[in-house]
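Report on the structure given below.
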Amino acid sequence: MIGFWEVMDRCDKGPLLKEKKYDMQLSRKAREQATAFGIRFDPESVIPDDDDMADRLYQASLAFFVENGVYCRDTGRLVRFSRREVEEAVENAPHRITYGQDRDMTVMRSRRVEDAKPPFVTMTPVGTPVAEERFVALVQSFAQEPLAQTFSSAFSQTVNGRVIKAGSPQETEAAIWNVFKLREAARLAGRPAIGIHNLVSNAEATDATLAAMQPAYGVLPSDGLGIAAISELKVDFERLKKVVFCRHSGHNLYGLYGPLLGGFAGGAETTAIVHVAHHFLGLLMYGAQWHCGFPLHLHYGCNSSRDLLWLIAVTSQALSRNTHTPISVSPFSAAGPCTDMVVQEMCAISVAATVSGANLLACAPARNRHPERATGMEARICAEAGHLSARQKLTRVEANRVVISLLSLYEDQLADAPLGLCFHECYDLDRLQPTREYVDLYDRFKAQAMKMGLDYSLL
């Protein structure tokens, strides 16, 4: 197995390469592998029922990763791994991860294609900006959802009424405040020991993040951090510092990967290859215990488009068929809360991911760009669609019909999707429950989805 010091040696001693040249090389090598392995996107088969293509995609990604390598921004060097090293990392990766304590303890496991086991659901507003006075209520709306097995943070726009300045003592104070408030939200939700999969959203700097990860502030031993790769297939020392901390502290660590379809990764087929390759980066560079993918469309800023749904499905199948490490997908919708479109998008992504062997990290409405456009209700919609797909034992063929029907309802609105309502407009803040308007909207969708083949009576 490749250890920390070997990774650092390769960051320091690998071949020198200009970053722009690396980007161009990545695009070319991904195209070569897509051609060599016959990877083809079929817009009518959004959820492919083709095990051979899923396996070819995995092999194409492995060949691509070995040839292309990872780029370390701080040293300007290429970090390469052999095929044997990648295969050993995959073979020795974790099968399961535990979060929380006592009655709030949960275990994340890998899933198979068309698995009847429901997805593990981590719930989060994915760092959505929120006013300081509504921070606890917003994150509590996720933690209190019955299907939430862990939760994590929003991003407070201020702390103590002051804007958070990167690299300042205020950032450290904001990170500590962040952790205190998350555990407060857990207690208010009646789940005091629920796991927090990503403890800090209020800070980016490593010193601020690690200063906040103390038991005295409410951090549990099984809580953790998500560490993102830089698109595409790049790392830096700030991320690797957090890896060192998690490695010694025992806190859980997962990898976050968001390749851009339409960027350097190219189109659907090549971005699928690059996306799977990020999971090898996570194992070898980060020692990730599980993986979360949020591939995005460069122009739409979501992953509910036809090509991204295919990418989510085929990459999840490739990974769930050829590895045993838990994988997860984070749904990003174009539309915002309390709209018909957000329900349709979240359902489509969850069905595609679940039937293809992934777990769910729910979720990011309104392209994850607009303040307070996130609520626990969108996470509920994702989780219920995923659980329903598993309970109903949907096949990929059946799920494809459902998702094609859903696409017909919203696909032409992706470029100009409705923003919907803010958290305090679609939740009753006294009861901390979705408004009657939102509940009725979701109920109307369920009746419509029954005709498409989703049996909500099973929930």
Answer yes or no: is there a residue in the range 73-85 that is of a type in the set (Lys, Arg), modelled with pLDDT of 95 or more and over 26 Å from residue 290 (Cβ atoms). yes
Matching helices (runs of 4 or more DSSP H) fully within the range 1-69 where at least 2 residues are in contact with a Ser or Thr (Cβ under 8 Å, 6 or more places away or on another chain) and among the hydrophobic types (A, V, I, L, M, F, W, C): 19-36, 51-68
Could you grab me the full set of residues in the range 26-55 that are without any contact (Cβ under 8 Å) to a residue 60 or more places away in the chain and buried (at least 18 other Cβ atoms within 10 Å of the Cβ)? 29, 37
Strands (runs of 3 or more DSSP E) wholly in the range 71-163 with at least 1 residues that are over 22 Å from residue 174 (Cβ atoms) and more than 22 Å from the chain's Cα centre (by Cα) - which ones? 77-79
Flagged in the range 348-372 as under 30 Å from residue 157 (Cβ atoms) and hydrophobic (A, V, I, L, M, F, W, C), in numbering order, are 349, 360, 361, 362, 363, 364, 366
Specify which of the listed residues (323, 354) is of a type outside the set (D, E, K, R) and surrounded by 24 or more Cβ atoms within 10 Å (Cβ to Cβ). 354
Selection from the range 13-49 of residues that are closer than 18 Å to residue 67 by Cβ, within 26 Å of the chain's Cα centre (by Cα) and of a type in the set (Ser, Thr, Tyr): 22, 27
Kindly check whether there is at least one residue in the range 210-224 that is polar (S, T, N, Q), crowded, with 23+ Cβ neighbours inside 10 Å, free of Cβ contacts under 8 Å to residues at least 60 places away in the same chain and within 18 Å of residue 246 (Cβ to Cβ). no
What do you reckon, is residue 375 within 24 Å of residue 41 (Cβ to Cβ), surrounded by 24 or more Cβ atoms within 10 Å (Cβ to Cβ) and of a type in the set (Ser, Thr, Tyr)? no
Can you tell me which residue among 284, 256 is surrounded by fewer than 24 Cβ atoms within 10 Å (Cβ to Cβ), part of a helix (DSSP H, G or I) and of a type outside the set (Gly, Ala, Ser)? 284
Could you tell me which residue of the range 92-116 is surrounded by the fewest Cβ atoms within 10 Å (Cβ to Cβ), considering only residues that are over 25 Å from residue 282 (Cα atoms) and touching a Pro at 6+ places or on another chain (Cβ under 9 Å)? 102
Pairs where the first residue, in the range 340-367, is on the phi < 0 side of the Ramachandran plot and of a type in the set (Ser, Thr, Tyr) and the second is part of a strand (DSSP E or B) and crowded, with 24+ Cβ neighbours inside 10 Å, C-beta under 9 Å, 6+ apart: 350/329; 350/360; 350/362; 354/329; 354/360; 356/329
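The values are calculated or read from the model by the stated rules, or taken from the named source; none is laboratory data. What you see is a predicted model, and the numbers here were worked out from it, not measured in a lab. A quick note on method: Cβ atoms are made from the backbone with ideal geometry, for glycine too, and the neighbour counts reach across all protein chains shown.
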